[in-house]
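Reading through the structure tokens given below for one structure.
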Amino acid sequence: MTREVSLAGSQTMHSQALFTLEFDRLKELLLQQTRTPLGAAMAEALTISVSEAEIVRELRLSSEGAVYLREGATALDVNDLPDPRSALGKLNVADVNLEPIEILNLLRLISVAMGLRETFHNEQEKFPLIREITETIPNLRALYQRLRGRISPAGEIEDFASPELREVRFQISKLRSQIQRSLENILKRAEEAHALQDEFVTIRNERYVIPIRNDNRGAVAGVVHGMSSSGQTAFVEPLETIGLNNELVRLRELEQVEITKVLFSITEELREERAALDAMADAVGRIDFIAAKARLGVAQNAIEPRINNVGRFALKDARHPLLEAGLKAQGAPIVPISMDLDADRRVMVVSGPNAGGKTVVLKTAGLLSLMAQAGLLVPAAEGDLPIFHQIHADIGDHQSIAANLSTFTAHIQNIRGISDEFRPPALILLDEVGTGTDPEEGSALGVAMVDYFRERGAHLIVTTHYSGLKMYATNTPGVINASVEFDERTLKPTYRLLTGLAGSSSGIEIARRFGLPEAITGRAADRVKTASAEATEYLRRLKEQFGAQRQLVAALEEERAAVAEKYAKLELHFIQKEKEREKEFRAELQKVVDEFVHKAEKFASMIEDAASARKVRKEIEKRSVELRVAASSETRKMRQQTATSMTMGDAETTPAEGATPEAEEGSEAPEDMDLRPGDRVRLLSFDQEGVVESVGETEIVVQIGALRFREQRANLRLTERKAAPSRKTQAIAGLPKGVSVTLQEQPAIGSELNVIGKTVNEATEAADKFLDAAWNYIGYK
């Protein structure tokens, strides 16, 4: 009879499928990773959810835990936490005291819970979901501080647990000393009377006694509380200490009363916080459960799969966790498998040789689906999985003599049950569908079963040796072929899953590998029908072509990666060259600006009028700022040109070279050259041009704007005999290509400014214009 397991979301999962896919064995691995009874209880109650929000949350929690563990942190390793559930249960019953050990367990729970809360309090960004759980832990730090230390680790109530208890124990200690002294005096007298058997004080029936020889016990008057096993010693309580012993018994009873009061007081304090303690226990168990899932994921090198609602079922390099654990114990590697189904291609038919790994494909797909929906990380490189409300599996031989079931009838009964209970979305896994009967009829039944579930929207993975099913997969839209690889040279399976390619069963070759006599395998090969042999040969050649295509794709991918790497290096080189070019450009511009400022300052220092000098210096600052702004603008243009060049795919550019001056300096005139008024000359002392106003025997007066300078003939160079054009563009040496300075001829500026009769504002405006004109005349000349 088939049992069903309840799932979150009011769905059901057949226990037969869980048993077949060995989900319980996986839970055992999870249980081994827990550290507390609370976490173990949650692991035992692990459920398979069909709620997308719940599945995604649980997977994210497992992933956060794995990240935390991979960082080497240890806060999730909650050790030495006994099960507090029995103590919490007692707190729900009024007037029932907790035992000291139970109180210690609850105090340990508080300590662990508060530690987790503090650890993740500031981890909102990195571990938000774990922090969300730990932030629900109530703050019982004050209660913990009050109660800690009142009970020793051995479970004894400490003296300072209450003032009354401390006083009672002081009286007990004092009385014991008194009794001890009295008995020691009695021992000395008994020894003198040769009545002492041994020289020590002991306790019988909670009363202090001394050992006396039985044949001389009358030497010490008192009450006999027992005999030794040999009968030679009597344990006597002397009459002198009976009163003291009675008082000691009374004090001990009083001590127990005080201990009970202390336990009651502590229990009541804990009982007042029982709701908070329950929340703590739940949070600690939850964190340990998450840590166990994370440890299992780290051990399996597992990942957090994506969850989709579009029907895609994709796994890359997936590994069966139980098979991998077994192989690892043997020191053998596992061969991962990959598959990709979606809403349009929901059915995969897997063929290939016996013992080649077909059943492993089914179990891997089924178990990893269960793991994801249980919030466990899946052992794969990548995963994108849908949510199945049902997972059915018919795997293995279920024949039973007691139930009168053959292999074939057992399979048919299982599939009938699946068809009766089937509700999509569902994953159905069928191993050797249609097997156990006549091959022709079995093939037809297999095709019909697969087509039935396909039409009803199931995700279906089946294994087969039937050619009919292979042809069905080839010719039916939405169905893909796959095969487990078989190495023809070694006659051994490689366990690799090849999608898009049907496989040969290679039954005769497998039989040969397992040592079946050649007389049998050879005869079998002779009896294989020609059509079957041709089909097998066709599949073999198809597999070879498939392998060659895969190698070609791998080679092309390798070449593409090499080209991409080379292009990336060229692009990096280009960017570096552009940075160097920009750096050189900035340096040249700065050089030009500095030169301008230097010459202008030199010129300003030669002006005798202080007001005019200040005006000129102000204009120098203004012009230098304008030059720097122009330099920044040119730099931005260069960057834009670089970006455009990179967009167009240019891999290299030639750095800009310095511009060639478009106009040379005026030729130097010999000292005896005839200079006449009106000639334009250059003053070499501060590299400015002016007009010759008068020529003397030793000095020549040169007017530059509103200013006149007296210079020696040797410091002048003729530039023009006639008036220069109205506008001229002159490139300054050192400027990069594309940067030029335009100089404009200005009308002659008078040497004087008459402001007589003007108002202050009119005079100020006229003076500003006069100075601007004078400066512009100097700057452009």
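The values are calculated or read from the model by the stated rules, or taken from the named source; none is laboratory data. What you are looking at is a predicted structure, and each value in this text was computed from that prediction instead of being measured. With ideal geometry, Cβ positions are generated from the backbone for all residues, glycine too; neighbour counts draw on all protein chains shown. Keep in mind that these areas ignore ligands, DNA and RNA; they rest on the heavy atoms of the full protein, side chains included. Shrake-Rupley method; radii C 1.70, N 1.55, O 1.52, S 1.80 Å.
Label region 338-437 by shape, choosing from rounded, prolate and oblate, from the square roots a ≥ b ≥ c of the eigenvalues of the Cα gyration tensor; if a/c is under 1.5 it is rounded, and otherwise prolate applies when a/b is larger than b/c, oblate when it is not.
Working: a/c = 1.98, a/b = 1.57, b/c = 1.26.
Prolate is the answer for region 338-437, as a/c is 1.5 or above and a/b outweighs b/c.
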query = Counting Lys and Arg as +1 and Asp and Glu as -1, what is the net charge of the other residues whose Cβ lies under 12 Å from the Cβ of Glu135?
reply = -1
request  = Send over a whole-number figure in Å² for the accessible area per residue of region 424-489, probe 1.4 Å.
outcome  = 40 Å²
note = Residue by residue through region 435-447, the couplings from Karplus 6.51 cos²θ - 1.76 cosθ + 1.60 with θ = phi - 60°, in Hz, x for Gly and Pro, are 6, x, 9, 3, x, 5, 5, x, 5, 5, 5, x, 4
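Of the peptides 266-272, 102-108, how do they stack up when ordered by the mean number of other Cβ atoms within 10 Å, highest first?
Per-residue Cβ counts within 10 Å, averaged per peptide and sorted highest first, yield 102-108, 266-272.
Please work out the average accessible area per residue across region 240-320, using the 1.4 Å probe convention, and give it in Å². Mind dumping the intermediate values first?
Values: 3280 Å² over 81 residues.
With the other protein chains kept in place, region 240-320 gives 41 Å² per residue.
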remark   = Taking protein heavy atoms only, a 1.4 Å probe, and rounding to whole percent, the accessible area of region 196-328 owed to carbon and sulfur comes out at 48 percent
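Would you work out the relative contact order for region 86-214, in percent, from Cα pairs under 8 angstrom that are 6 or more residues apart? Working shown, then result.
Values: 89 pairs, mean separation 18.6, N = 129.
It comes to 14 percent, rounded to a whole number.
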note = Given backbone amide H placed at 1.01 Å from N, residues whose amide H is under 5 Å from that of Val433, ignoring those fewer than 5 places away on the same chain, are Thr463
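Could you tell me which of the pairs Lys579/Lys622; Lys293/Lys470; Lys328/Lys569 are separated by over 32 angstrom between their Cα atoms in the structure shown? It would help to have the intermediate numbers written out before the result.
On the way: Lys579/Lys622 29 Å; Lys293/Lys470 40 Å; Lys328/Lys569 42 Å.
The pairs that break the limit, which is 32 Å between Cα atoms, are Lys293/Lys470; Lys328/Lys569.
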ask   = What is the sum of charges around Leu270, taking Lys and Arg as +1, Asp and Glu as -1, for the other residues whose C-beta is under 13 Å from the C-beta of Leu270?
value = 0
inquiry  = Give the residue list of GluC sites (Glu not before Pro) in region 328-435 that are DSSP loop and have at most 15 other beta-carbon atoms within 10 angstrom.
reply    = none
